[in-house]
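Written out below as structure tokens is the structure these notes cover.
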Amino acid sequence: MSLRIALLNAAHDGEDNRRNFRRELDADLVEYDVTERELPDHFAFDACLVTGSRASVYWDEPWIADLESWVDDAIDEGVPFLGVCFGHQLLAHTLGGTVAPMDDYEIGYRTVEHDGANPLLSGVGEEFTVFTTHSDHVAELPPGARQFAENDYGVHGFRKGDVFAVQFHPEYDPATAEDVASGKDLPDERIERVLDGITEENYQAACEAKQLFDNFTDYVRRQRVAAAESEQVASDD
């Protein structure tokens, strides 16, 4: 079953996002450069994905306000969502949660734990390795949302209905991790430690979390089948 997913690309230079998500998602991706205020004029997608960004969701920028408004409407229309990093925070903010700056920047390959109860991380070990890079976090979950992943820096995954969000970057390849880390305004010694940690061993460990992309598309397909069956029952009645 082919899926059509809106890729809401929030990076100001979106090439890495484009390459990484097209590689990882088994779907027809329709891309929108949301930083240029490109947004769909409809909600006729099987799902939507909001990517990472160097922006903060609480910045007073027109493109962020436009994106949040469209996402809010799409959620109301029943479109499933996956958010990554900035996307995770934007979904939390849109649904009524709180996003705030952190005391310390989290960056590099880190260990995250999940509760084993969420379908997004089915098949992923309850302790797993991921690449992280963020200075904001979800300080308060949206009403009715359930956290399913965390580490000592805070929330790394939540779900509310058909909305799934993760703070870490399962889509990153080593080249993206190196580019992102090299460009951060952090002490040279810390950047060097992060770059030293971008090894084949750590990358292969982090590939386990890529399972969430197949899990998400499988979930969306099941939702499509269930909706079609409900429509058939209603028409038969």
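The values are calculated or read from the model by the stated rules, or taken from the named source; none is laboratory data. Quantities reported herein were computed from a predicted structural model and do not represent experimental measurements. Glycine also receives a Cβ, built like all others from the backbone with ideal geometry; neighbour counts cover every protein chain displayed. Each accessible area value is taken on the protein alone, full model and side chains, heavy atoms only, with ligands, DNA and RNA left out. Shrake-Rupley method; radii C 1.70, N 1.55, O 1.52, S 1.80 Å.
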Read through the list (1) open to solvent by less than 50 Å² (accessible area, probe 1.4 Å); (2) more than 18 Å from residue 166 (Cβ to Cβ), then give the number of the only condition that residue 24 fails. (2)
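When the residues of the range 57-76 are filtered to those that are in contact with a Phe, Trp or Tyr (Cβ under 8 Å, 6 or more places away or on another chain) and open to solvent by less than 60 Å² (accessible area, probe 1.4 Å), which remaining residue is farthest from residue 137 (Cα to Cα)?
Step one: of the range 57-76, the residues in contact with a Phe, Trp or Tyr (Cβ under 8 Å, 6 or more places away or on another chain) are 57, 71, 73-75.
Keeping just the survivors that are open to solvent by less than 60 Å² (accessible area, probe 1.4 Å) gives 57, 71, 74-75.
Values: 57: 10, 71: 19, 74: 23, 75: 21 Å.
Ranking the qualifying residues of the range 57-76, first place goes to 74.
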Is there a residue in the range 204-217 that is over 26 Å from residue 80 (Cβ atoms) and in a loop (DSSP other than H, G, I, E, B)? no
In the range 5-16, how many are farther than 15 Å from residue 39 by Cβ and either part of a loop (DSSP other than H, G, I, E, B) or open to solvent by less than 10 Å² (accessible area, probe 1.4 Å) (or both)? 3
Of residues in the range 196-226 being open to solvent by less than 50 Å² (accessible area, probe 1.4 Å) and among the aliphatic types (A, V, I, L, M), the one farthest from residue 78 (Cα to Cα): 198
Which numbered condition residue 172 fails, given (1) closer than 18 Å to residue 98 by Cα; (2) of a type in the set (Phe, Trp, Tyr); (3) open to solvent by 20 Å² or more (accessible area, probe 1.4 Å): (1)
Since residue 2 meets every condition but one in (1) open to solvent by 20 Å² or more (accessible area, probe 1.4 Å); (2) closer than 24 Å to residue 139 by Cα; (3) among the polar types (S, T, N, Q), which condition does it not meet? (2)
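Scan the range 50-70 residue by residue and report those that are assigned to a loop (DSSP other than H, G, I, E, B) and of a type outside the set (Lys, Arg). Don't jump to the end; show me each part of the working.
Taking the range 50-70 as the starting set, the residues that turn out to be assigned to a loop (DSSP other than H, G, I, E, B) are 51-61.
Once the filter is applied, which keeps residues that are assigned to a loop (DSSP other than H, G, I, E, B) and of a type outside the set (Lys, Arg), the range 50-70 yields 51, 52, 53, 55, 56, 57, 58, 59, 60, 61.
Look through 183, 144 and report the one residue that is under 18 Å from residue 20 (Cβ atoms) and without any contact (Cβ under 8 Å) to a residue 60 or more places away in the chain. Walk me through it before giving the result.
Details: 144 fails: under 18 Å from residue 20 (Cβ atoms).
After ruling out the rest, the residue left standing is 183.
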So how many residues does the range 28-49 have that are open to solvent by 30 Å² or more (accessible area, probe 1.4 Å) and either outside any loop (DSSP other than H, G, I, E, B) or within 18 Å of residue 82 (Cβ to Cβ) (or both)? 10
